[in-house]
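Notes for the one structure printed next.
The values are calculated or read from the model by the stated rules, or taken from the named source; none is laboratory data. Nothing here was measured: the structure is a model prediction, and the numbers come from that model. Every residue, glycine as well, gets a Cβ built from its backbone with ideal geometry; the counts of neighbours run over all protein chains shown. Keep in mind that these areas ignore ligands, DNA and RNA; they rest on the heavy atoms of the full protein, side chains included. Shrake-Rupley method; radii C 1.70, N 1.55, O 1.52, S 1.80 Å.
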Amino acid sequence: MSDCGKLIVVSGPSGAGKSTVISRVMEQDKSVVFSVSATTRKPREGERDGVDYFFIDSDSFKKMINNDELLEHAQYVENFYGTPKAPVQENLNKGLSVLFDIEVQGAMQIKNICPEAILIFVIPSEFSQIEKRLHIRGTDSEEKIKQRIKTAKYEYSMALSYDYIVLNDDPDSAANEIKSIITAEKCKAVNRQNYLTEVNSL
Ligand code: ADP
Ligand code: 5GP
């Protein structure tokens, strides 16, 4: 995978507000493309196939694994999730950055393949907000919410493997934090070397 520094991985417990914040970042920064994952989870009301996820069955998911079509994949609660490889490389070839909304096991797989990927962990400042938000979102049964909270505790234990922690108490501030991280990465000297060549050749 070329241009690993242009991969922006966003993780965080379910209910942290990742989708909400990411959609604001995507509206405001057209140099970043969202990586649409494949999942065996059923669509929620309002989710669109090919936009929010590629909603596929377990057999198709297994085929994608066997054909080496996924950059990473993991099981989360009772479903499988994975990142189709081809669109990531196509967008990098166009000079765009690619942003992933993926859980921690997948994030660590990307970090292994691409150590320069930027890893961002999103959380509210108080853990109790997660359960409240999952109830307000109303897309998961009580049992599923319990499983997601249990998984959240494991996910928190991985937070220090990330480069940045973004606090989401207000979606606009959290989106600004993510945009600032993307801007800072763009400004790194190593990513601006092409502006030095003219003087260096004088
Ligand atoms: P995730 O993608 O991390 O699972 P969502 O973006 O679906 O989380 O957000 C979970 C719920 O919390 C949604 O109902 C969303 O509207 C709400 N939400 C997101 N950010 C905030 C925030 N900063 N304050 C309060 N509610 C929020
Ligand atoms: P949800 O069911 O709430 O949409 O997503 C559940 C979890 O799966 C979230 O933590 C989300 O970040 C993660 N996820 C979504 N797509 C992928 C993917 O392609 N790979 C991995 N590893 N996790 C994903």
Shape descriptor, the chain: equivalent ellipsoid semi-axes (Cα gyration tensor, sqrt 5λ, whole Å, largest first) stand at 30, 21, 15
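Any idea what the relative contact order of segment 75-202 is, in percent, if you count C-alpha pairs under 8 Å spaced at least 6 apart? Write out the running numbers ahead of the final one.
Details: 60 pairs, mean separation 31.5, N = 128.
Relative contact order comes out at 25 percent.
Count neighbours as other Cβ atoms within 10 Å of each site's Cβ, and list the GluC sites (Glu not before Pro) in segment 84-179 that are DSSP loop with at most 16 such neighbours. Please list the in-between numbers first.
Details: sites: Glu90, Glu103, Glu116, Glu126, Glu131, Glu142, Glu143, Glu155, Glu177; in loops: Glu103, Glu116, Glu126.
Passing sites in segment 84-179 are Glu116, Glu126.
If exposed means no more than 11 neighbouring beta carbons inside 10 Å and the site is in a DSSP loop, what's the longest run of the chain without any exposed trypsin sites (Lys or Arg not before Pro)?
Numbers: sites that count: Lys30, Arg48, Lys94, Lys188.
For trypsin sites (Lys or Arg not before Pro) (loop position, at most 11 other Cβ atoms within 10 Å), the longest site-free span of the chain is 95-187.
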Applying a 4.7 angstrom Cβ cut-off across the chain, unpaired cysteine residues come out as Cys187
Rounded to the nearest 10 degrees, the helix 171-187 long axis (Cα) sits at an angle to the longest Cα principal axis of the chain of 30
Expressed per residue, the solvent accessible area of segment 1-147 in Å² (1.4 Å probe) is about 50
Amide H neighbours of Phe80 at under 5 Å, excluding residues fewer than 5 places away on the same chain, with H built from the backbone geometry, are Thr40, Arg41
Expressed as a percent, the accessible surface of the chain that is carbon or sulfur, using a 1.4 Å probe and the full set of protein chains, is 51
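As a test of reading the structure, rank Ser11, Ser180 by solvent-accessible area (1.4 Å probe, protein chains only), most first. Spell out each step's value before the answer.
Details: Ser11 0, Ser180 70 Å².
So, going from the largest accessible area down, we get Ser180, Ser11.
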Most fluctuating of Gly17, Gly95, Gly46 in the GNM of the chain (C-alpha, under 10 Å) is Gly46
When every protein chain stays in place and a 1.4 Å probe is rolled, Cys114, Cys187 sorted by accessible area with the largest first are Cys187, Cys114
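Return the loop-located GluC sites (Glu not before Pro) in segment 14-77 (DSSP other than H, G, I, E, B) with at most 11 other Cβ atoms within 10 Å of their own Cβ; answer none if there are none. Working shown, then result.
On the way: sites: Glu27, Glu45, Glu47, Glu69, Glu72; in loops: Glu45, Glu47, Glu69.
Those that pass, being in a loop and sparsely packed, are Glu45.
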